[in-house]
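*Asks:* Okay, handing you the structure first.
The values are calculated or read from the model by the stated rules, or taken from the named source; none is laboratory data. Nothing here was measured: the structure is a model prediction, and the numbers come from that model. Glycine also receives a Cβ, built like all others from the backbone with ideal geometry; neighbour counts cover every protein chain displayed.
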Amino acid sequence: MNPEAEYPAVGALGQAQSAEPSAAVPVPVVTEAPVPESAAAKSVARIMSVAYELFSQRGVRDVGVNELIERSGVAKATFYRHFPSKDSLVLAFLEQRDKQWTVNAIVSEARRRGSTPTEQLLAIFDVFGDWFLREDFEACSFINVLLEMGPAHPLGQASIDYLAKIRGHVQALAEEAGLQRPDEFARSWHILMKGSIISATEGDMQAAKRAQQMAGWLIEHHR
C-alpha cells in the first residue's frame, strides 16, 4: 500500500461557447461551486477521527492513505484537498493528540483530582493507572512516532516538541508547588512518566503505582 500516492489534478472547466455574444447579453462566468463549509468540516472530522484511531493504535508507517480514505468514506480528491500529504495529516493528528490526551485527559484530570499542586503532580500517575487498565490503551503516540520516524524527520521533531510541552505542564505544577530546580525536576519526572508507559505496555499493571512511589521521593528531593 502506497501511503503517498499522488492525486491527479482536477480537470479544467468546460470550454466557453465559440459564438460571439451580443453586447446586450453578458457572458456568464463559469466557476466551480464552493464546497459548503459544513460539508468540508464534516469531511475533515471524519478523516481526523479515523486517523486518530489508526495512528494511535498502529503507528504511522503501518497506515496507508488508501486505508484512511476508505475508512473515512471520503473521495480521494476531498482527502487531498484538506491534507496534501500523509505527513500533513500526521501533524494534525499529533496536535489533536496533544489537546485530547496531554491537556484534557492527563493534565486537566490530574488538576481536578488534586487539591494542591503536589497532589496534582502525584495524581498524574493515578490517571495513568486508570489509563493503563483500559482495553484501548495505546501507549504514547509522541514516543511511538519519534521512534518510527527518528529525531531528524519533521514528524519526529514535532513529537519531540510535544513531549517538551508535557514537561512544560509538569514544570508549571512544580513551580506552583514551590519545588527547587523545577526544570530539572520536570525532566526527571518525565522519565518516570515515559518509563511507566513502557512498563505498562510490557504488561506491568502496577507500573503507575511504582512510578508514583518514586515520584514522591523525587518531590521530597526537590523541596
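*Asks:* In this structure, is Ala105 small (Gly, Ala, Ser), closer than 13 Å to Ala208 by Cβ and in a helix (DSSP H, G or I)?
*Replies:* No: the conditions fail for Ala105.
*Asks:* If we scan region 196-213, do we find a residue that is aliphatic (A, V, I, L, M), in contact (Cβ under 8 Å) with a residue 24 or more places away in the chain and closer than 27 Å to Leu89 by Cβ?
*Replies:* Here is the first cut: in region 196-213, the residues aliphatic (A, V, I, L, M) are 197-198, 200, 205, 207-208, 211.
After this cut, where a residue has to be in contact (Cβ under 8 Å) with a residue 24 or more places away in the chain as well, the list is 197-198, 200, 205, 207-208, 211.
Right, trim to closer than 27 Å to Leu89 by Cβ and you get 197-198.
Checking region 196-213: at least one residue is aliphatic (A, V, I, L, M), in contact (Cβ under 8 Å) with a residue 24 or more places away in the chain and closer than 27 Å to Leu89 by Cβ.
*Asks:* Also, quick follow-up: Do you know which of the residues in region 131-145 that are over 10 Å from Gly59 (Cα atoms) and not hydrophobic (A, V, I, L, M, F, W, C) is nearest to the chain's Cα centre (by Cα)?
*Replies:* The qualifying residue nearest to the chain's Cα centre (by Cα) is Asp136.
*Asks:* Can you pull out every residue in region 92-124 that is charged (D, E, K, R) and within 23 Å of the chain's Cα centre (by Cα)?
*Replies:* Hits for region 92-124 are Glu95, Arg97, Asp98, Lys99, Glu109, Arg111, Arg112.
*Asks:* Can you tell me which residue among Gln120, Gln100, Gln96 is touching a Phe, Trp or Tyr at 6+ places or on another chain (Cβ under 7 Å) and either in a helix (DSSP H, G or I) or in the same structural domain as Ala186 (by the TED database) (or both)? Spell out how you get there, then give the answer.
*Replies:* On the way: Gln120 fails: touching a Phe, Trp or Tyr at 6+ places or on another chain (Cβ under 7 Å); Gln100 fails: touching a Phe, Trp or Tyr at 6+ places or on another chain (Cβ under 7 Å).
Only one candidate passes the filter, namely Gln96.
*Asks:* With respect to Ser199, is the statement that it is within 28 Å of Tyr52 (Cα to Cα) and surrounded by 20 or more Cβ atoms within 10 Å (Cβ to Cβ) true? Please lay out each step first, then the result.
*Replies:* Values: within 28 Å of Tyr52 (Cα to Cα): yes; surrounded by 20 or more Cβ atoms within 10 Å (Cβ to Cβ): no.
Criteria not met by Ser199.
*Asks:* Can you tell me which condition Gly150 does not meet? The list is (1) in contact with a helix residue (DSSP H, G or I) (Cβ under 8 Å, 6 or more places away or on another chain); (2) surrounded by 14 or more Cβ atoms within 10 Å (Cβ to Cβ); (3) without any contact (Cβ under 8 Å) to a residue 12 or more places away in the chain, and all the others hold.
*Replies:* For Gly150, the exception is condition (2).
*Asks:* Does at least one position in region 178-195 carry a residue that is in contact with a Cys (Cβ under 8 Å, 6 or more places away or on another chain), in a helix (DSSP H, G or I) and charged (D, E, K, R)?
*Replies:* yes
*Asks:* Would you check which residues across region 214-223 are in a helix (DSSP H, G or I) and without any contact (Cβ under 8 Å) to a residue 60 or more places away in the chain and list them?
*Replies:* Met214, Trp217, Leu218, Glu220, His221
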